[in-house]
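Each value in this text was obtained by applying a stated rule to the coordinates, not by laboratory testing. A quick note: this is a predicted structure, and the numbers were derived from the prediction, not measured. Cβ: placed from backbone, ideal geometry, glycine included. Neighbour counts: every protein chain shown.
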Amino acid sequence: MKVKVGIMSFAHLHADSYAHCLKANPNAELVGIADHDSARAQAKAREFETQAFDSYESLLASDIQAVIICSENARHAPLVQMAAASGKHILCEKPLMTKLDDGKAMLAAAQGAGVQLFTAFPCRFSPAFQQMMRLIHAGAIGELLALRGTNRGSNPGGWFNDPELAGGGAMMDHTVHVADLMRRLTGHEIVEVYAETGNNMFHGAFDDTAMLTMTLQNGVFATLDSSWSRPKTFPTWGDVTLAAIGTRGVVEMDMFAQYLVYYDDRAGRVKQLFWGDHIDYLMVDEFLRVVAGAERQALATGEDGYRAAAVAIAGYESVKRREPVPVQA
Amino acid sequence: MTKVGIIGLGTMGAQHMDAYRAMPDVEVTAVYDHHAERAQAFAQKYSVRVAESLNDLLDHCEVIDICTPTYRHAEYALPAIEAGKAVVCEKPLARTLEDCERIVNAVKQRNTPFMPAHVLRFFPEYRTAHHLVQSGAVGTVAAVRMRRGGDFPRAKSDWYADFGKSGGVILDLIIHDLDWLLWTLGAVERVYAKALTFRNLTHLDYTLVTLKFKNGAVGHVEGTWCDPGGFKVNFEVCGDSGMLEYDSARQVALQIATRADGGTGGGVQVPESPATQNPYYLELRHFIECVQTGQTPEITVEDGYNAVRLALAAIESAQTGRAIAL
Ligand SMILES: NC(=O)c1ccc[n+]([C@@H]2O[C@H](COP(=O)([O-])OP(=O)(O)OC[C@H]3O[C@@H](n4cnc5c(N)ncnc54)[C@H](O)[C@@H]3O)[C@@H](O)[C@H]2O)c1
């Protein structure tokens, strides 16, 4: 039995990847797409050979079991609440929310409706990360002391540069993946955040440069560079790196360092062509299996999404106050 | 002949000695170390005279080169400056800001040539990057990351392990990067740091430092004495029209891999970056030429002071958990 899924909004570019994952998965049926931009819904429905619904309501009224939500960040909350009220299981794009109250409302809505809410954190599915976790849990580097992460990218533009819709700039966009990896790796919450931001890359009214320092419950400290600092000529979209420093050694992960270097004369550029595992596919696949009744393994919950987004929210508070601030639970 | 005296005959003392020996117009007239046997061994190896006292050394040299452990810089720098000598002093300028101030004031009063030995400025990769950034190659700088370190340094009497003497990984190690950043990006507004320095871990120290510059750029410096993978440095300067990066682990000009134990043991790899001139030579050559011509050294005593001030602010942040405004 195929799991019937709908996609709510293609505002976030990751919707395209998830749609491909659904189309490629033998256990999935992409029933349809709804979008507040109806022209986009039509175009994407044609591209993915599925139906365009004229409203979120009509999509939710269909016989789908689950939705993937890829709206602008600030619009996650109303869509999650709608989907929950219709009894659909949900995979929501990150960051889960831009405001703590929105996050709480989303978690409550899912719980109240008895549906499962998940956050799209595909990095958890990276074999490099999973191996790093195994090594550290097996004591390979002794006691864990510190973590150093990066998740750099380039400015996606559009609504990502509208702090109202995006909830911030680079720090809101790129903090949550690695913050989530740090939580998952250690099993501890991030309790305090200090952050510095800047806008020297794009000189806009949003942060394009962000550096967070975090303290975990167990005393481990960490930094995370979530800047949109990759130049236009950078050979790939960005990076996800995480280094763990322990009493006996160091593990360094460069999640996407599985690539061919392609010197493309026709494009006049050098590119990195990734050949590693498709982590979006692995994540969507687990989502489908969980919706069908299997037990959750690596898939991030709504609570995980909330905790990671709360780190970015605390980061903005820290920038305002110029001091470390506690992360709100 | 420019007559030089070296004080402190450990790792750096030997490094500096090698550099002077390559200068035909320089003579290392005498050397001094409070550890008599070490001094004798050094003197024998290099055929130089061991000075009987500091005064003996001052009497016979125009240039005093200080290579003692950090907490013992000021006690030699001050009398040497007082005696009107040209002084080159290993980084960090001194262990405390008070000692740094004394040195700055003494240099100002006596108007003697003085240079803190921030040798990184003479490493071609860092020097080239500095000039490229200054010439606008990456546009307005937005983000800078720097990393330095390897395993814990072992020295005579293990003084690096004593925070009171070395200042730990922040004051001793990443001061190189902090000086480069001040030189290249200008003044720092705020610093925030975390470190293992105060955890009482034996032979482990690590720090992650965030800097906010007056020009709006954000910096990140990692310093490690926790990495058994060998000494590695890297940096990345991102601006609004480009990015520069260097990684000593990736850009390796020469690498030799050999089997230990006469070919039966495990393999050992040693990377190298061969060059005709070594940065310590270039640094000391610059200072000697300044002494000879009366030019001002390109690294000033104030630069030495500012680097220590920034490092101590980072340490204060790591200790108090607060962001420190400069
Ligand atoms: N520029 C660089 O790349 C670099 C590298 C390493 C060290 N350093 C700096 O150089 C300085 C020396 O470091 P090192 O690694 O050579 O140390 P070291 O321990 O190898 O040598 C120090 C020497 O000073 C002598 N000494 C100690 N106290 C003395 C005193 N009161 N009077 C006279 N001699 C004394 C010791 O006997 C020893 O021979 C430190 O300030 C360090 O931070 C710089």
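Observations on the structure shown:
- Neighbouring Cβ atoms from other chains, within 10 Å of the Cβ of residues in B:108-120, number 0 on average.
- For residues of A:241-253, the mean tally of beta carbons on other chains within 10 Å: 3
- Between A:I68, A:I313, A:I245, the GNM of chain A built on Cα springs shorter than 10 angstrom shows A:I245 fluctuating the most.
- Counting neighbouring beta carbons within 10 Å and listing from fewest to most, the residues B:T264, B:T258 come out as B:T264, B:T258.
- Kirkwood Rh, Cα atoms: Rg over Rh of chain B: 0.97
- The phi torsions of segment B:241-256, fed into the Karplus equation with coefficients 6.51, -1.76 and 1.60 and a -60° offset, translate into couplings of 9, x, 8, 10, 9, 9, 9, 5, 7, 9, 9, 10, 6, 8, 9, 10 Hz, rounded to whole numbers, with Gly and Pro shown as x.
- Measuring between their Cα centroids, segment B:190-211 and segment B:52-76 lie 31 Å from each other.
- Just checking the listed ones, A:A310, A:A84, A:A24: in the Gaussian network model of chain A with Cα springs under 10 Å, the one fluctuating most is A:A24.
- Charge tally in the Cβ shell below 10 Å around A:G169, where Lys, Arg are +1 and Asp, Glu are -1, A:G169 excluded: -4
- Summarising the amide proton neighbourhood of B:I64: residues at separation of 5 or more, or on other chains, whose placed amide H is nearer than 5 Å comprise B:G5, B:A86, B:V87, B:V88.
- Orientation-averaged projected area, Cα convex hull of segment B:170-326 (nm²): 13.3 nm²
- A viscosity of 1.002 mPa s and a temperature of 20 °C, combined with the Kirkwood radius over C-alpha pairs in the Stokes-Einstein formula, give segment A:3-119 a diffusion coefficient of 156 µm²/s.
- Distances between every pair of Cα atoms in segment A:87-190, grouped in 5 Å steps from 0 to the bin holding the largest one, split as 2, 10, 16, 19, 18, 15, 12, 6, 2, 0 percent.
- The Rg/Rh ratio for segment B:1-48, using Cα coordinates for both the radius of gyration and the Kirkwood hydrodynamic radius, is 0.94.
- Annotation: average projected area of segment B:2-117 is 6.3 square nanometres, based on the convex hull of Cα atoms across all directions.
- Ordering of B:66-77, A:269-280, A:225-236 by packing is B:66-77, A:225-236, A:269-280, highest average first (other Cβ atoms within 10 Å, averaged per residue).
- Reciprocal of mean inverse Cα separation for the protein assembly as shown (Kirkwood radius, Å): 27.2 Å
- Across all Cα pairs in segment A:243-329, the calculated P(r) in 10 Å bins from zero up to the longest distance comes to 13, 19, 30, 28, 10, 0 percent per bin.
- In chain A, the alpha-carbon atoms span a convex hull of 139 Å³ per residue.
- Using θ = phi - 60° and Karplus 6.51 cos²θ - 1.76 cosθ + 1.60, couplings along segment A:246-251 (whole Hz; Gly, Pro as x): x, 5, 10, x, 9, 10
- Counting only other chain Cβ atoms within 10 Å of each residue's Cβ, the peptide A:198-209 averages 5.
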